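Inspection log for the structure reproduced underneath, given as structure tokens.
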Amino acid sequence: MDYNEILQRAEDYIAQEKDQGFCQEVKDLIAADNRAELEDRFYQNLEFGTGGLRGVIGGGTNRMNTWVINNATQGLANYVIKTYPEKAKAGQLSAVVAYDSRRFSDVFAQATACIFAANGFKTYLFTSLRPTPELSYAIRTLGCDTGVVVTASHNPPQYNGYKAYWNDGAQVIEPHDQGIINEVNSVTQVKTISKEEAIKAGSLVMIDKEIDEKYWAMVKSQLFRPDLIKEKASEVKIVYTPLHGTGAMHVEKVLGDLGLTVITVPEQREPDGNFSTVEKPNPEEAPALKMALELAKKEKADVVMATDPDADRFGGAVPDAAGNYVLITGNQMGALLCDYILTSRKELGRMPANPAVIRSIVTSTFADKICAANGVHLAECLTGFKWIAAVMADFEKTGSHSYVFGFEESYGYNVETDVRDKDGVSAAAMCAEMTLYWRSQGKSLLQRLEELFTQFGYFEDRSISRNFAGASGVTTMKGIMARLREEGLKSLGGQKVVLIRDIQTSTSYDPANPSDKKSVDLPKSNVLQFFLENGTVVSARPSGTEPKIKFYINSMVPPTGNLADSKASSEKLCNAIEAEINGILDAAK
């Protein structure tokens, strides 16, 4: 695309964008002849991907702004109307909209709600910010046909996003995802109405406590041992941070109702779209928990908890014997929760017929071992909680299994069927109960984790993310994946690759005999996995929402009887694999 085309796209955008602030940004760039920035903002439309939108806030077709939001919502509305024409004709369609603490989230959410209302949907809009899991819960509770939450989850402050949901409360998947994308790309006119007009007409309804109270009750109903919590609540002290997001209202309410002592990091309690105390509001990253860990040390807390801005992710840390706080990874917390849920169901006689746990393909196989020891089926799915929700729905449709838990390595957990997404609020409540339970057995969470390592082997997880921004970055990432597919990998970290699984071609094969391909029963996705002879799995996956490629190292050292030796072996293996992957990425620059 030459510069004249870029300028024309910029002029067209200015003519259509209703927010004068975003328009002025573009006008200033044109006046300054800032060609590089203009090209980045206009070389493409911000892509409405399979789950929605995510991008840097600002003026331009390749940015998050009202023009992009309006087109996305009109396209989504058009698709729902075409999917349910009889309901549309009868005026029976409905939608619900929520938003988090990010900059412009309230503005984008109101614009979304007003477009749904103008298109004949009875639309529900939360009066103030709410977590993503509550949006999923609201769709199911209100019986809506679709829903949207405005959030960029755990991304840095310059980002915002838009997640689209279907009537089951899960993010959209095939065939709806591609159908919505086609409609978004075909929008020529956007229908809207003012908030005041919509409320007066009854097409927009503001909601809050009528959903909040039901959601809180649902979260508490998932717990196994309310009597134990009541009896032992005073024995556990929790330090919590919502990282300037939506979590404080719900986590404090639910844990407080249970009688637990929750000390919220005061500097991070209030919503703040600039996330002024952290570089990234991501509980996966240690720097984001710095203030919580400092407060925990001062208060001698038994557990540290954190949720990301839209409270779907949950992270934690626990003290070791010396009182130093150890961060629990997403895979480790998933294994602990899996172990606790299965242990509790067995002890209390609440294990359903054909129980099943679901994890994503880039998540550690740690939980597989725990499930096998408990006679529980372990199902795999693609990365992203919408796929866990899809398998959950398939279980319900076929009656093949009973869902008991789902999780993914990126700090996402689901302990209920009333929410079809990851739920940091429910995870916090279950983690609190789990802490009390193991305390009643004379163990800390860390001690229980080490028992699991001793029994099943030592599992360590690392990830490597490399950003490749702009048009050239997309080409670079495609080149990396093409090279890995063509050349494969014979070994990693000194371990032989015994199986390659290519999710894009739905095949797996032994690199020693590549012509003998087996079928893989998963939806197609641009993911490559390398299974090593000792049980370690290395996965390569370009992000669907960000300009980066990610490698997941799920190392496994079989039980040795000596945990220190296992940790040393794992560290050596992970270091070697990490060096090789970085070499591949450096060569691609």
The chain: relative contact order as a whole-number percent, Cα under 8 Å and 6+ apart: 11 percent
Taking segment 4-60, the equivalent ellipsoid from its C-alpha gyration tensor has semi-axes in Å, biggest first, of 19, 13, 10
Can you give me the pair-distance distribution of segment 411-496, C-alpha pairs, 10 Å bins, whole percents? 12, 21, 26, 23, 15, 2
14 Å beta-carbon shell around Leu563, net charge (K/R +1, D/E -1): -4
Taking amide H positions as placed 1.01 Å from N in the peptide plane, with prolines and chain starts having none, which residues 5 or more places from Val96, or on another chain, fall under 5 Å of its amide H? Tyr124, Thr146, Gly147, Val148
Cβ-based charge dipole, segment 52-145, positive-most Cα from Thr112, Ile139, Leu129: Thr112
For segment 242-294, the percent of accessible surface on carbon and sulfur atoms (probe 1.4 angstrom, ligands and nucleic acids excluded) is 49 percent
Coil-residue chymotrypsin sites (Phe, Trp or Tyr not before Pro) of segment 1-83, DSSP, other Cβ within 10 Å capped at 16: Tyr43
With respect to the cross-link table entries Lys422/Lys589; Lys422/Lys548; Lys369/Lys422, which display a Cα-Cα separation exceeding 24 Å? Lys422/Lys589
Heavy-atom accessible area per residue of the chain, all protein chains kept, 1.4 Å probe, expressed in Å², is 39 Å²
Where does each of 425-433, 204-212 land if you order them by average Cβ count within 10 Å, highest first? 425-433, 204-212
Looking at the square roots a ≥ b ≥ c of the eigenvalues of the Cα gyration tensor of segment 492-589, which shape do they give, rounded for a/c under 1.5, prolate if a/b is larger than b/c, or oblate? oblate
Residue-normalised 222 nm signal for the chain, counting each DSSP H run of n ≥ 4 as -39,500 (n - 2.57), nearest 500 deg cm²/dmol, is -13500 deg cm²/dmol
With contacts defined as alpha carbon pairs under 8 Å and 6 or more residues apart, what's the relative contact order of segment 437-589 in percent? 29 percent
Return the carbon/sulfur percentage of the accessible area of segment 1-159, one whole number, probe 1.4 Å, all protein chains in place. 45 percent
Translational diffusion coefficient, Stokes-Einstein: compute it for the chain using the Kirkwood radius over C-alpha pairs as Rh, at 20 °C and 1.002 mPa s, and state it as an integer in µm² s⁻¹. 86 µm²/s
Divide, for segment 49-173, the radius of gyration over alpha carbons by 2.2 N^0.38 Å, where N is the residue count. 0.97
Surrounding charge for Gly51, neighbours by C-beta under 9 angstrom, Lys/Arg +1, Asp/Glu -1, total +2
Which of the three applies to segment 252-311, rounded, prolate or oblate, going by the alpha-carbon gyration tensor with a ≥ b ≥ c and a/c under 1.5 meaning rounded? oblate
What's the Cα-based Rg to Rh of segment 263-367, Rh via Kirkwood? 1.04
Taking segment 257-343, which GluC sites (Glu not before Pro) meet the DSSP loop condition and have no more than 13 other C-beta atoms within 10 Å? Glu279
Hey, how many Å between the Cα centroid of segment 265-299 and the Cα centroid of segment 123-159? 23 Å
Need one number: % antiparallel among DSSP beta bridges in the chain, to the nearest 5. 65 percent
Calculate the all-directions average of the projected area of segment 427-556's alpha-carbon convex hull, and give it in nm². 10.8 nm²
On the accessible surface of segment 433-589, probed at 1.4 Å with all protein chains in place, carbon and sulfur together account for a percent value of 49 percent
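The values are calculated or read from the model by the stated rules, or taken from the named source; none is laboratory data. Predicted model only: the values in this text are computed from it and were never measured. Glycine gets a Cβ as well: all are built from the backbone with ideal geometry, and neighbour counts include every protein chain shown. Ligands, DNA and RNA are stripped out before the accessible areas are found, and what is left, the full protein with its side chains, is counted by its heavy atoms. Shrake-Rupley method; radii C 1.70, N 1.55, O 1.52, S 1.80 Å.
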